[in-house]
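The values are calculated or read from the model by the stated rules, or taken from the named source; none is laboratory data. The structure presented is a predicted model; accordingly, all values stated were derived computationally and were not measured. FYI the Cβ positions are ideal-geometry reconstructions off the backbone, even for glycines, and counts take in every protein chain you see.
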Amino acid sequence: MVPTTPLVSTTPTTGVLLVNLGTPNSPSVADVRTYLRQFLMDGRVIDIPYLGRFALVNGIIAPFRSPKSAKAYKELWDPQTGSPLKHNGFEVERLLQEKLGPTYAVALAMRYQNPSIASVLDALLAKNIEQLVVIPMFPQYASASSGSVVEAVSAELAKRQIIPSVRYINKFYDNPGFINAFAQIAKPMLMAESYDRVLFSYHGLPQRQIKKGDANNVCVFGACCEQITPKNAYCYRAQCFATTRLLIEAIGLDPKMCITTFQSRLGRDPWLQPYTDKVIGTLTKEGIKRVAVLSPAFVSDCLETTIEIGEEYKELFEEQGGHHWQLIPSLNNSPAWIDTLAQLAQKN
């Protein structure tokens, strides 16, 4: 007998691999040191020759930075749920699975530490998926983030005998759903109080990494970033400024009160400017008292948002005469963000 209603498959045909940066297994100094070593030994993160990178990371950065970073992670760590980055990531995994339904298999991996890309790929491929959508959880493309994820996933897939068709989503900074999701969180907070300035603080990168990706030799770290063109479409700095412009429009802010800055620099080489901490000093000298901060380079609150922006920069601002410093939360597991991820996964 021919069925009168179509059968709904309960077998996933599409795998969705979400990959975020990573987090230590615990806030102990030993685990933080292990995490930093794996993270910073990535040649896309510290892009110098291997021997120099090995000496720098294992001889200087990991030994001396680990205790300080471990202290910060202990402030961040929840006794029940652990790292916010991982906790939010698993919530996103669960909610996105519910949203997409049984023909999709959604899984979260971390570029560094656990759950590893290799183990999560094994679990997805064991479900005999026909296609794989890989979403690095970084809105703006950079070699050190999205590029590293693409390289790592591709290397792991190359070890397998059967490789499904693969689609990488390596940037989504201008996706209307992403912009709308951030605006939904930011707008009520920004409209509820009066602020003198709104900072858009993005994770920084060494300038040399931007130049390495400048195949058209157009980068001057200035006016070239004021619009996206075919020649700078993968310029991280230009994408950050574009994100700011889109959010200003979506939220309804006055562009004159908004500033794009870059945080988290490391070492003596020049990084993307203006530096967030330096801008804070300039603002306080100008008599600016009330500042709100968004960090649209992160889709989940983490060490760089909660501790660096929310606490360290707040303390710096207040020490220099500022009165009110407000961190706007990230997307975390908001419904609009889940909708955006579903749209990204389903798009052909």
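Which of the numbered conditions does LEU247 fail, given that it passes all the others? Conditions: (1) of a type in the set (A, V, I, L, M, F, W, C); (2) out of contact with any helix residue (DSSP H, G or I) (no Cβ under 7 Å at 6 or more places or on another chain); (3) modelled with pLDDT of 90 or more.
(2)
Go through the stretch 32-53 and report how many residues are surrounded by 14 or more Cβ atoms within 10 Å (Cβ to Cβ), of a type outside the set (D, E, K, R) and either in the same structural domain as PRO270 (by TED's automatic domain parsing) or in a helix (DSSP H, G or I) (or both).
So the answer is 7.
Which residues, taken from the stretch 304-321, are crowded, with 21+ Cβ neighbours inside 10 Å and within 16 Å of LYS285 (Cα to Cα)?
If the condition is that a residue be crowded, with 21+ Cβ neighbours inside 10 Å and within 16 Å of LYS285 (Cα to Cα), then TYR313, PHE317 are the ones that fit.
Using the structure shown, decide if GLY267 is without any contact (Cβ under 8 Å) to a residue 60 or more places away in the chain, assigned by TED's automatic domain parsing to the domain that holds ILE185, on the phi > 0 side of the Ramachandran plot and not in a helix (DSSP H, G or I).
Taking the combined requirement at face value, the residue does not satisfy it.
Could you please give the count of residues in the stretch 323-341 that are surrounded by fewer than 21 Cβ atoms within 10 Å (Cβ to Cβ) and small (Gly, Ala, Ser)?
2
Say we look at the stretch 29-70 and pick out the residues that are of a type in the set (Lys, Arg) and in contact with a Lys or Arg (Cβ under 9 Å, 6 or more places away or on another chain); which of these is nearest to ALA152 (Cα to Cα)? Don't jump to the end; show me each part of the working.
Just the residues of the stretch 29-70 that are of a type in the set (Lys, Arg), to begin with: 33, 37, 44, 53, 65, 68.
Now drop any that are not in contact with a Lys or Arg (Cβ under 9 Å, 6 or more places away or on another chain), which leaves 33, 65.
Values: ARG33: 21, ARG65: 25 Å.
This residue is ARG33.
So which residues in the stretch 91-125 are surrounded by fewer than 16 Cβ atoms within 10 Å (Cβ to Cβ), outside any loop (DSSP other than H, G, I, E, B) and hydroxyl-bearing (Ser, Thr, Tyr)? Give the steps one after another, and end with the answer.
First, the residues of the stretch 91-125 that are surrounded by fewer than 16 Cβ atoms within 10 Å (Cβ to Cβ): 94, 98, 101-103, 114, 118-119, 122-123.
Narrowing further to those that are outside any loop (DSSP other than H, G, I, E, B): 94, 98, 118-119, 122-123.
Hit for the stretch 91-125 is SER119, nothing else.
So, in the stretch 281-296, of the ones that are in a loop (DSSP other than H, G, I, E, B) and touching a helix residue (DSSP H, G or I) at 6+ places or on another chain (Cβ under 7 Å), which residue ends up surrounded by the most Cβ atoms within 10 Å (Cβ to Cβ)?
Quick first cut of the stretch 281-296, residues in a loop (DSSP other than H, G, I, E, B) only: 286-289, 295-296.
If we keep only those that are touching a helix residue (DSSP H, G or I) at 6+ places or on another chain (Cβ under 7 Å) as well, we get 295-296.
Details: SER295: 27, PRO296: 24.
For the stretch 281-296, the residue satisfying everything is SER295.
Would you pick out the residues in the stretch 164-186 that are within 19 Å of GLN131 (Cα to Cα), of a type in the set (A, V, I, L, M, F, W, C) and out of contact with any helix residue (DSSP H, G or I) (no Cβ under 6 Å at 6 or more places or on another chain)?
Taking the stretch 164-186 first, the residues within 19 Å of GLN131 (Cα to Cα) are 164-170.
So of that shortlist, the ones also of a type in the set (A, V, I, L, M, F, W, C) come out as 166, 169.
Answer for the stretch 164-186, where residues must be within 19 Å of GLN131 (Cα to Cα), of a type in the set (A, V, I, L, M, F, W, C) and out of contact with any helix residue (DSSP H, G or I) (no Cβ under 6 Å at 6 or more places or on another chain): just VAL166.
Of the residues GLU319, GLU312, GLU308, GLU304, which is on the phi < 0 side of the Ramachandran plot, over 20 Å from the mean Cα position of the chain (by Cα) and among the acidic types (Asp, Glu)? Quick ask: steps written out before the conclusion?
Working: GLU312 fails: over 20 Å from the mean Cα position of the chain (by Cα); GLU308 fails: over 20 Å from the mean Cα position of the chain (by Cα); GLU304 fails: over 20 Å from the mean Cα position of the chain (by Cα).
Of GLU319, GLU312, GLU308, GLU304, the one residue that is on the phi < 0 side of the Ramachandran plot, over 20 Å from the mean Cα position of the chain (by Cα) and among the acidic types (Asp, Glu) is GLU319.
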